[in-house]
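Trainee: Below you will find the structure I want to go over with you.
Laboratory data are not the source of any read-out in this text; all were calculated from the coordinates shown. The model shown is predicted, which means the values in this text are computed figures rather than measured ones. Every residue, glycine as well, gets a Cβ built from its backbone with ideal geometry; the counts of neighbours run over all protein chains shown.
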Amino acid sequence: MVTLTIDGQKVQVEEGTTILEAARKVNVRIPTLCYLPEVQAIGACRVCLVEVEGNRNLQPACVFPASEGLVVHTNNLRVRRARKFSVEMIVSDHPMDDCLTCPRNQKCELQKLADDLGIREVKFTGEKSGGQIDDLSPSIVRDQTKCILCRRCVTVCKEVQTVSAIYTQGRGFKTRVEPAFGRSLNDVSCTLCGQCILVCPVGAITEKENIEEVWHAIFDPSKFVVIQDAPAVRAALGEEFGYPPGTLVTGKMLAAVRRLGFNRVFDTNFAADLTIIEEGSELLKRIREGGVLPMITSCSPGWIKFIEHFYPDLLPHLSTCKSPHQMLGALTKTYYAEKAGIDPRDIVVVSVMPCTAKKFECSRPEMAGSGYRDVDYVITTRELAKMIRQAGIDFAGLENGYYDDPLGEYTGAATIFGATGGVMEAALRTACEVATGKTLENLDFQAVRGLDGIKEAVVPVDGIGNVKVAVAHGLGNARKIMERIKDGTADYHFIEIMCCPGGCVSGGGQPVPVNDEIRRLRAQALYQEDKNLKIRKSHENPSIKRIYEEFLGQPLGEKSHHLLHTKYTARGRF
Amino acid sequence: MENQGCSCAPINEEDLYPKIEEIINQHRGNQNALIMVLHKAQNLFGYLPGRVQEMVSLGLGVPLSEVYGVATFYAFFSMVPKGRHEIKVCLGTACYVRGGQKIVEYLEKGLGVRVGDTTKDRRFSLNEVRCVGACSLAPAVLVNDDVYAQVDPAKVDEILVKYE
């Protein structure tokens, strides 16, 4: 431990702690911009400058290590002047006229910083570095004119996701963050996961909004508009309305979407339960008949695009199950349309997802097994919040709403899909009971919960033996598992892979900010919902039983094959 | 410079790919060799074709975006094929104040290319450099390895005829 003095206050920290972290212990919040806890500390933006006695120059607090006897000043005239200068320089190259129309208006770190530092005029005028807008992908829009070159997106894409779709190109005033050869994100091996959106401090990377299309469908009297939401949405939407992270707002969300004018409110969770039945049957079939193992989950479209680009040889390991919201879309336009006597041509399915890659997924040509698009529009959690605000709905004041039958009933096993390890836990609950016919005493599989990058478990299942499973979240961890499959050292039966670190609760479509603490809190909310539900095993969902009786026949049957399963495409490495 | 090749014989680019493959193979999987390998590729091809950058990316295990990032960061690397002769106009402080920029403008107009580009017949490529250490000769122009002192636009044409 070392003792240092920050603004006249003594603070004791472990050696190696940065001044930035040490300052927080004495309630001093040094402003930052390029710094990103857990991911990036490079001292590039010069916003966190502090005066360290004995050092001629001001030092960046995010990388300067605390040491014994250090005396630090974080707020004097010299420091204030330097910080202001740094931010004024950044602002001078930023299109300030766009603030009112920017998707990040009022949620912009640069805006807040300029305000916090009391910047009231921009002294520097002249040429701006400019750049292009890339809106060719169905998921992500990049506006280079707004980019402040903090490199957070580059680091998250390279270090966390190991995708490196973007990098800093050129130098000096002409530096740009973009893919090689100035290509569009749509034309490179970007997984469209949107982790870059979560870390962008400004509006340089945002989701491609589909809000207007959804409003038009809602107000088109000839359309029957159905909305469904993924489990992770209810664990995070509240943050957009001032609730603390980890507040479950299922009831208010349901009331809000009904007020927006959707005709039916279904739950992606219903299809999550269905996924467990289909995927579980597929796994048992592969184990019994000597199919390709380990089998890997397929609910995460960013992960799917990753394996298609980087490990196309290993595509047979993927479960052929569509992701739950695609399944639900397909069933809405077949099973439900038939039941309700509605022409599927008039049904519009809107999915609220914590995910930007889902926008791409729903546009994949094969996602139309019924002859109609499974899902017409995907909007993110953030877009739903915008729609609720646009409609003038007082979210906090709403009474609890409800899901509609017959595609709205769900179990605790489905709701934990939103957290890393959730799909695995749900699958294990069902596999253990279905294979053995015995009732599980403890439904909580702690070994697959939490934020460890790769989690493993061995579960004895009567009649099959020891089932070896693994769970990975974040594509960097997925890559490690894939390398082990390649070299033959991954002797698992079943692997769950989620593209985003933490799973869907911190997907690219979720409210900002996201960090490990927020990941934990959102996951906790889902585990709490699971605990509170009466039915916690997918195979016990009465609506699931009914849909097999009335419509699907049996798992992996012909109808399932057409509507609930899919195929994959080997894509180029670059 | 090594491997620049004889400038009078036309180079068939296809023939160069096995050579770069060989160089990459010597450094397979070694990300630290990126700049060195790009350096050799630049000398071999006279520029860095996209296909070469993809080969380097796969061979060394460096993401393509990063290969391109390095290639666009250093002025030494070029994305367009170099001409048979490279004109470098010095725009260091001394040459700039003595009229280096006027020479650049004259050349851009005369050759019909912008700085960084190569003429259609691949005879010349035009580049700026920042100080070649010949400040007493300002403004200086280099053609290949020949240094021309106190150049003004009127002298440019008679210099260029020497290079076919």
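Trainee: Can you give the Rg to Rh ratio of the stretch A:200-255, both from alpha-carbon atoms, with Rh computed by the Kirkwood formula?
Mentor: Numbers: Rg = 14.5 Å, Rh = 13.8 Å.
Taking Rh as the inverse mean 1/r over Cα pairs, Rg/Rh reads 1.05.
Trainee: Using modelled amide H (1.01 Å from N, peptide plane; none on Pro or chain starts), what sits under 5 Å from the amide H of residue A:374, excluding residues fewer than 5 places away?
Mentor: A:368, A:369
Trainee: Taking every eigenvalue of the Cα gyration tensor of the stretch A:417-574, multiplying by 5 and rooting it, what semi-axes result, largest first, whole Å?
Mentor: Working: eigenvalues 134, 91, 73 Å².
Its equivalent ellipsoid spans semi-axes of 26, 21, 19 Å.
Trainee: What's the percent breakdown of Cα-Cα distances in the stretch A:2-91 across 5 Å bins, shortest bin first?
Mentor: Result, from short to long distances: 3, 16, 28, 26, 18, 7, 2, 0 percent.
Trainee: Another question about this same structure. Considering only DSSP states other than H, G, I, E and B, which GluC sites (Glu not before Pro) in the stretch A:40-106 qualify as loop sites with at most 10 other Cβ atoms within 10 Å?
Mentor: Qualifying residues, ordered by number: A:53, A:68.
Trainee: Estimate the FRET efficiency between residue A:462 and residue A:263 by the formula 1/(1 + (r/R0)^6), using the beta-carbon distance for r and 56 Å for R0, to the nearest 0.05.
Mentor: That gives a FRET efficiency of 0.75.
Trainee: Provide the packing ranking of B:141-149, A:345-353, i.e. peptides ordered by the mean count of other C-beta atoms within 10 Å per residue, highest first. Write out the running numbers ahead of the final one.
Mentor: Values: B:141-149: 15.3, A:345-353: 24.4.
In descending order of packing, they fall as A:345-353, B:141-149.
Trainee: Assuming 0.36 nm per residue, please report the length gained on full extension of the stretch residue A:571 to residue A:487 beyond their Cα-Cα distance.
Mentor: Taking residue A:571 through residue A:487 to full extension adds about 28.1 nm, to one decimal.
Trainee: Once both labels are modelled 7 Å past Cα along the beta-carbon direction, what's the residue B:97-residue B:25 spacing in nm?
Mentor: 5.5
Trainee: How long is the stretch A:211-344 along each principal axis, judged by its Cα atoms, biggest number first, in Å?
Mentor: 50, 42, 26
Trainee: Once you order the gyration tensor axes a ≥ b ≥ c over the Cα atoms, which shape class does the stretch B:13-73 get: rounded for a/c under 1.5, otherwise prolate or oblate by comparing a/b with b/c?
Mentor: oblate
Trainee: Using the per-residue mean of other Cβ atoms lying within 10 Å as a proxy for protection, in what order, highest first, do the peptides A:227-240, A:19-32 fall?
Mentor: Sorting A:227-240, A:19-32 by mean packing, highest first, produces A:227-240, A:19-32.
Trainee: Using only Cα atoms and rounding to the nearest 10 degrees, what angle (0 to 90) does helix A:250-260 make with the longest principal axis of chain A?
Mentor: 90
Trainee: Something else: Quick one: which residues, 5 or more positions from residue A:467 or on another chain, have an amide H under 5 Å from its amide H? H modelled 1.01 Å from N in the peptide plane, none for Pro or chain starts.
Mentor: Amide H neighbours of residue A:467, under 5 Å, 5+ apart: A:459, A:461.
Trainee: Please give me the summed charge of the neighbours of residue A:471: other residues whose Cβ is under 11 Å from its Cβ, Lys and Arg +1, Asp and Glu -1. Mind dumping the intermediate values first?
Mentor: Working: positive: A:449, A:455; negative: A:425, A:452, A:456, A:496.
It works out to a net charge of -2.
Trainee: Can you give the convex hull volume of the alpha carbon atoms of chain B per residue, in Å³?
Mentor: For chain B, the hull spanned by Cα atoms encloses 116 Å³ per residue.
Trainee: Still on this structure, I have one more. Going by C-beta contacts inside 10 Å, put A:388, A:379 in order with the fewest on the left.
Mentor: Ranked by crowding around the Cβ, least crowded first: A:388, A:379.
Trainee: For an R0 of 45 angstrom, estimate the FRET efficiency from the Cβ-Cβ distance between residue A:128 and residue A:315 and round to the nearest 0.05. Walk me through the intermediate numbers first.
Mentor: Numbers: r = 45 Å, r/R0 = 0.99.
Computed FRET efficiency for residue A:128 and residue A:315 comes out at 0.50.
Trainee: Sort the stretch A:129-207 into rounded, prolate or oblate with this rule: let a ≥ b ≥ c be the square roots of the eigenvalues of the Cα gyration tensor; rounded if a/c is under 1.5, and if a/c is not under 1.5, prolate when a/b is larger than b/c, oblate otherwise.
Mentor: Here the stretch A:129-207 falls in the rounded category.
Trainee: Which order results if A:275, A:5, A:297 are arranged by neighbouring Cβ count within 10 Å, fewest first?
Mentor: The most exposed by this proxy come first: A:5, A:297, A:275.
Trainee: While we're here: Roughly how many nanometres apart are two label points built 7 Å out from the Cα toward the Cβ at residue A:533 and residue A:184?
Mentor: Placing both labels 7 Å along Cα→Cβ, they lie 3.9 nm apart.
Trainee: Mind running the shape call on the stretch A:78-222? Use the C-alpha gyration tensor, a ≥ b ≥ c as the square roots of the eigenvalues: rounded below 1.5 for a/c, prolate if a/b tops b/c, oblate otherwise.
Mentor: The shape class here is oblate.
Trainee: Taking amide H positions as placed in the peptide plane 1.01 Å from N, state which residues far from residue A:49 in sequence (5 or more) or on other chains have amide H under 5 Å from it.
Mentor: Here A:61 satisfy the definition.
Trainee: Go through A:249, A:271, A:141 and say which Cα lies farthest out towards the positive end of the charge dipole of chain A; charges sit on Cβ, +1 for Lys and Arg, -1 for Asp and Glu.
Mentor: Value: A:141.
Trainee: Is there a simple number for the mean count of other chain Cβ atoms within 10 Å of the Cβ of residues in A:160-168, and what is it? It would help to have the intermediate numbers written out before the result.
Mentor: On the way: counts 0, 0, 1, 2, 8, 3, 4, 9, 6.
Rounded to a whole number, the mean comes out at 4.
Trainee: Could you check the simple spin-label distance between residue A:89 and residue A:435, using points 7 Å along Cα→Cβ, in nm with one decimal?
Mentor: Between residue A:89 and residue A:435, the label points sit 6.1 nm apart.
Trainee: How would you rank B:55, A:89, going from fewest to most other Cβ atoms within 10 Å of each one's own Cβ? Present the calculation step by step, with values, prior to reporting the outcome.
Mentor: Working: B:55 19, A:89 16.
Ascending Cβ contact count within 10 Å gives the list A:89, B:55.
Trainee: Continuing with the same structure: For chain A, compute the orientation-averaged projected area of the C-alpha convex hull (one quarter of its surface), in nm².
Mentor: Computing the convex hull of the Cα atoms and averaging its projections yields 27.9 nm².
Trainee: Could you work out the relative contact order of chain A? I mean the mean sequence separation of Cα pairs under 8 Å and 6+ apart, divided by the number of residues, in percent.
Mentor: 16
Trainee: If you take the beta carbon distance between residue A:561 and residue A:27 as r and set R0 to 35 Å, what does 1/(1 + (r/R0)^6) give as a FRET efficiency, to the nearest 0.05?
Mentor: On the way: r = 60 Å, r/R0 = 1.72.
With a Förster radius of 35 Å, E is 0.05.
Trainee: Right, next: Within the stretch A:24-58, list the residues whose amide N lies under 20 Å from a label point set 7 Å along Cα→Cβ of residue A:98.
Mentor: A:33-34
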